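Written out below as structure tokens is the structure these notes cover.
Values quoted throughout were computed directly from the atomic coordinates according to the rules given, and no laboratory measurement underlies them. Because the structure is predicted, anything quoted here is derived from the model rather than measured. Cβ placement follows ideal geometry from the backbone for every residue including glycine, while neighbour counts extend to all protein chains displayed.
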Amino acid sequence: MVLAIDVGNTQTAFGVFAEGALVEDWRIATEPERTGDEIGALVDRLFELRGLRAEDVGAVCLASTVPALVNEYLAFIERYLQAESLVVGPGVRTGIPVRVDDPREVGPDRIANAVGALERYGAPCIVVDFGTATNFDAVSAAGEYIGGVIAPGIETSMDALFARAARLVKVDFVCPPAAIGRNTVNALQSGFVFGFAGQVDGIVARMREELGEQAPAIATGGLASLIAPYSTLVREVDRQLTLEGLRLIWNHNA
């Protein structure tokens, strides 16, 4: 089995693949102070709950936007899995040409998204990843990663608003009954659901103009299922896209 791990600033996703198929996945909160032993105990429990055995993992492909956690995950892999490991970064074969000014600046999760999208949806395509930041990544008609857009994430934006507006309180991330909010809670919910859906459509439309193609937009990330239905340009939600990209990257290096 191959274990794909995507460590983001806010959440960490795990995906277990057997013979190329995703058989289980989990999403947990990212804690920068977590140790390799804590990760080992957590993963062991997740496997146990689903009737899987950690010792059956033969390979791990890791992408991390939290540098402090890379060594802890490597320690976990060495001590608890005794599996081969690959950390996505400069020098790793990804199967997709990266045509940007400095490829080292591109987050490994963004490359994994592009690899997964190219495999599943073809070229050209656009990936919209709702994470700590909302990332938009473009794959050209030639099947090359050519860059993208980084915008403030939904939760990041809302946290900043609540911190600066004393009379506003945090609300649940759900769709309101109407665009025109008749109370503060619904007004806030309308702002982030319809506001971010509008942002997605605006950015995707501009990216399509520059690509010169009606590239399909694929949404992924924790809040994709909430925002994507109110976007007119997002074709599909694929929550496991990053994990699939990591599996493919492992195959390119195996």
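So, in Å, what gap is there between the alpha-carbon centers of region 203-254 and region 1-39?
After rounding, the separation between the Cα centres reads 20 Å.
Given Cα positions, please report Rg to Rh for region 27-85, the hydrodynamic radius being the Kirkwood one.
For region 27-85, the value is 0.94.
What's the Cα-based Rg to Rh of region 150-251, Rh via Kirkwood?
Computed over Cα atoms, the ratio is 1.04.
What percent does the relative contact order of the chain come to when contacts are Cα pairs within less than 8 Å and at least six residues apart?
Across the chain, relative contact order equals 19 percent.
Kindly give the semi-axes, whole Å and largest first, of the ellipsoid equivalent to the chain, taking each as the square root of 5 times a Cα gyration tensor eigenvalue.
Taking √(5λ) for each eigenvalue gives 31, 24, 16 Å, largest first.
Taking the simple approach of a point 7 Å from Cα along Cα-to-Cβ for both SER225 and GLN82, what is their distance in nm?
3.8 nm
Which peptide among 71-77, 127-133, 97-103 comes first, and what is the full order, when sorted by highest mean count of other Cβ atoms within 10 Å?
127-133, 71-77, 97-103
Run through region 111-196 and list the trypsin sites (Lys or Arg not before Pro) located in a DSSP loop whose Cβ has at most 15 other Cβ atoms within 10 Å.
ARG167, LYS170, ARG182
When the distances between all Cα atoms of region 1-116 are binned every 10 Å from zero, what whole-number percent does each bin get?
Over region 1-116, the share of Cα pairs per 10 Å bin runs 13, 47, 32, 7, 0 percent.
May I ask what percent, to the nearest 5, of DSSP beta bridges between residues of region 98-254 are antiparallel?
So the antiparallel bridges amount to about 60 percent of the total.
Rank-order 243-250, 16-23, 197-204, 219-226 by packing density, defined as the average count of other C-beta atoms within 10 Å over each peptide's residues, highest first.
The most tightly packed comes first, giving 243-250, 219-226, 197-204, 16-23.
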